[in-house]
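Accompanying notes for the structure given below.
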Amino acid sequence: MASINTIRDTAVAIYKQTPHAVLMAHGKPGMGKSDMTLQVAESLGIPEDRVLRVHVNNHDVVDFTGVPSIVDGETIFNPTQMFHQFREGTGPAFIVFEEAAQSSQQMQTWLAGFVLDRCTTEYKLDPQVRIMCTGNRVEDKAGAKALLSHLNDRMFHFDVDDSLDDWCEWAMNNGVEHLGIAFLRLRPQLLNDFDPARRSNPTQRSWTAVFKEIPTTLDTNSYFEAVKGRVGEGAAAEWVAARDLMSKMPSVDVIRLQPEKTEVPDEPAVKYAVATALSMTTEPESFDRDMIYVGRMPKEFQMVYVTDALRLNPKLQSTKPFIDWAIANKDIFMGGN
């Protein structure tokens, strides 16, 4: 199994060398497969208006082959616009077939021919059009079924594994609040705790909805009910309790004004919140003060801060505070070499 970022980077490398290759990502619902395909397209320099995401199971085969009509006694298939826009001569594009494993045998048969021949009855795809598929697993009980063997044989298959670091990287760049990121650092087991027997599950998708879509101004009871409706009662109780605790963290501004004197919290949840809040807001001019404060925390929280800060600001690697810290902590940062 591979993390989302590993699959993304591997896909980009394969598509750059072999545009006609077809990749498929398999994984539990809510793991970020769809977002990953968009990242692949972006990394390939393909503009949004040249990216098509098709939910295969929402269509009939005729939608893809074209509607037949009789012209001068011959049957002509009138191609649909969704693929016609990617015909030969139109340039690079990216087609994503979502939920491929949920589709019917007839649809899978069509898909197998399409990804192999890269054409419909009326036209060929441009050589620079890339194709990728996603799907859930049979055991997820999301309607997925085993793919036809000849379709399987025409694709690279990747099984998506949970990766807290990959999700945190995505979350920091997509407006997720620092307390939410800190909570999942504290409780990584809840990142993708999917059980098809439950109606609501804690997954990357559902946590993102909790952190971005539920108003924080709701009273505690209403907020809890909303969270429960997205991630389930147990995960909701843990998050609401941790959120209340983490909200008592010292102000980032106070920390940076007095990094030597500001109190370091005792609770691990609050330490995660502080380290995450600092890393998401650090700049070169505040990095040295952050490092003074973070240096007073246990090493695991120093590592959280430094890793996230460098991910957001790679140039910090050349600063003296980081170099000094890396040398002093080479046992954890560089494996003791």
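Overview of values
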| item | result |
| --- | --- |
| Mean Cβ count within 10 Å, highest first, over the residues of peptides 3-9, 245-251, 263-269 | 3-9, 245-251, 263-269 |
| Greater than 20 Å apart at Cα, pairs in LYS33/LYS315; LYS28/LYS145; LYS33/LYS141; LYS299/LYS330 | LYS33/LYS315 |
| Ranked by how many other beta carbons lie within 10 Å on average, peptides 160-170, 234-244, 320-330 from highest | 160-170, 234-244, 320-330 |
| For ARG53, distant residues with modelled amide H under 5 Å away | VAL96 |
| Structure-derived semi-axes √(5λ) of the Cα gyration tensor in Å: which label, when the choices are (1) 34, 32, 16; (2) 60, 21, 16; (3) 46, 24, 17 | (3) |
| On Cα atoms only, tilt of 4-17 relative to the major axis of the chain in degrees | 50 degrees |
| Principal-axis tilt of helix 284-294 within the chain, Cα atoms, nearest 10 degrees | 60 degrees |
| Rounded tilt (10° steps) of 33-43 against the dominant C-alpha axis of the chain | 90 degrees |
| Lys, Arg +1 and Asp, Glu -1 on Cβ, resulting dipole of the chain about Cα centre, debye, nearest 20 | 360 debye |
| Semi-axes of the equivalent ellipsoid for segment 126-194, Cα gyration tensor, largest first, Å | 31, 18, 9 |
| Paramagnetic reach from MET303 in segment 150-185 [backbone N under 18 Å; point 7 Å along Cα→Cβ] | 163-169, 182-185 |
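Coordinate-derived values only; no laboratory data. Because the structure is a prediction, the values reported are computed rather than measured. Positions of Cβ are backbone-derived with ideal geometry, glycine not excepted, and every protein chain shown enters the neighbour counts.
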